[in-house]
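Next up is a structure, given as structure tokens.
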Amino acid sequence: MNTPDWAAGELLYVHLDERGPSVTLGFEWDRPAGYHHLKFLVFDAVTQVRAAGLGSPVPHEVTAAPGPDGRLDVRVTGPALTLTFRAGSLRAPDPAALDHVRRLRAPDGALRAAAAREAAGVAWAPEEERFLAAALAETTRTEDDADALAAQLAALPAFETALADRALDGLTRIPSEAPALRGLLARAARLGIAEPVEPAGAATLAVVRCLRGVPRPGLAFRTPAGERVVLERIEFHRRAVDRLDPSCSARVLLSGPGARTLGQWDRLDADSALLRHVRRLRAADPRAREAAADEASDWPDSWAPDEGGALCAALARAAARETDPTALESELGALLRLARFLDAPALAILRTLPPESLPDPLRPYLSDLLDTPPREPGPIG
């Protein structure tokens, strides 16, 4: 394992991802006018993470040395942050992903917008997808250019399953009612039961705390036992409201038999058919991917435009990575049934499929899909 030359760059970026688990450090190398030359290093199989302080990572010293067991001992020290961890491996992200991150941070809003649109039209490997999801969420949260913000909001659903909780929390602070953002934050919603529930006729009253996302009335949830409940009403300071922000508590009305069995400290996660299908499209078993594609397209009219667009993007990514001919047929067939929702990023992914690599019966599927005019994006709130 090679130890990089830490002294060559200044630490600007630290990202901890609990799902790897991994730690990404970003360094600025040289400073030409108007641009940051960034280099990112990803530490995988991370253990023994210790952190103190919440300040900016600049200026800090970073050291790394192989331990006796071959793992890398890393230490970040400075006036605002101390971070130590052990890592099993070290790598640089895919150069194409790095290029998109650099352009997402460019001073020109047109470059940031183009980077977001193009990133959504690539079937990334899981590691690069998580890396880009974090960068896109951070850029979107601080964006001040209207066109770039519109492109970033439209791109976010492509990285939905790769967004960490911290990134989702930052997205809730964006003052936008864009359908893509509104749907993403609703699908990420998680509630915690703060007090014992009370029966209220056919419904159930509960005091809840929003742990993640932005739930709204009408949203369905799953209880810890897997039962479905619906959030019928939210009261904040005795007034009905149309959303509940993270870390806020409210009195809510829940319907469904599963609500009566809820106990204090139970958690409710949003019940999203879209995310269930998207996750199954990434399953290791090709029969699970085949079934997910077939079931997702059984009722095309059941999908709202933005959810249909996100589903088509997930199907296109699955098709671009597919190695099983039967699953590929289901994925392309599902896209044909959902063709009204195809947008430019999904079509860009499909164009990466070489027709000559497909079985003969599937080539007309791809040809018909590529002849489909792209769906126009919805309005940005």
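Given R₀ = 35 Å, FRET efficiency for Thr82-Ser249 by Cβ-Cβ distance, to 0.05? Could the numbers behind the result be given before it?
Working: r = 33 Å, r/R0 = 0.94.
It comes out at approximately 0.60.
Which whole-number percent gives the relative contact order of the chain, counting Cα pairs below 8 Å spaced six or more residues apart?
10
Considering the chain, what Rg and Dmax in Å follow from its alpha-carbon atoms?
Considering the chain through its Cα atoms, Rg and Dmax are 22.5, 67 Å.
Quick one: net charge of Glu331's neighbours, Cβ under 9 Å, K/R +1, D/E -1?
Details: positive: Arg289; negative: Glu290, Glu322, Glu329.
Residues near Glu331 contribute -2 overall.
Here's something else I'd like to know. With every protein chain kept in the model, how would you rank Glu356, Glu227 by accessible area, 1.4 Å probe, largest at the top?
Descending accessible area places them as Glu356, Glu227.
Please report, in Å, the Rg and the Dmax of region 242-381, where both are computed over Cα atoms only.
Final numbers for Rg and Dmax: 18.4, 58 Å.
What does the charge add up to near Leu168, with Lys and Arg as +1, Asp and Glu as -1, over the other residues with Cβ less than 11 Å from its Cβ?
On the way: positive: Arg141, Arg166, Arg173, Arg187, Arg190, Arg212; negative: Glu160, Asp165, Asp169.
After counting each charged neighbour, the total is +3.
Would you kindly calculate the translational diffusion coefficient of region 111-236, applying Stokes-Einstein with the Kirkwood radius from alpha carbon pairs, for 37 °C and a viscosity of 0.692 mPa s, and quote it in µm² s⁻¹ without decimals?
Working: Rh = 16.1 Å.
Taking Rh from Cα pairs, D becomes 204 µm²/s.
While we're here: Evaluate the distance, in nm, between pseudo-label points positioned 7 Å from the Cα of Asp69 and of Ala146 along their respective Cα→Cβ axes.
Label-label distance for Asp69 and Ala146, simple model: 5.6 nm.
Follow-up question, since we're still on this one. So how exposed is Asp147, as accessible area in Å² (1.4 Å probe, rounded to 10)?
110
Right, here's the next one. Roughly speaking, what % of Cα-Cα pairs in region 74-184 are separated by over 21 Å, rounded to a whole number? Walk me through the numbers on the way to the answer.
On the way: 2413 of 6105 pairs.
Above the 21 Å cut-off, region 74-184 has 40 percent of its Cα pairs.
Given region 294-368, what whole percent of its Cα pairs are spread farther than 16 Å?
Numbers: 1144 of 2775 pairs.
More than 16 Å apart: 41 percent of the Cα pairs in region 294-368.
The values are calculated or read from the model by the stated rules, or taken from the named source; none is laboratory data. Quick caveat: nothing in here was measured; it's all calculated off a predicted structure. Virtual Cβ from ideal backbone geometry, glycine too; neighbours counted across all protein chains shown. In case anyone asks, the SASA skips ligands and DNA or RNA and just uses the protein heavy atoms, side chains included. Shrake-Rupley method; radii C 1.70, N 1.55, O 1.52, S 1.80 Å.
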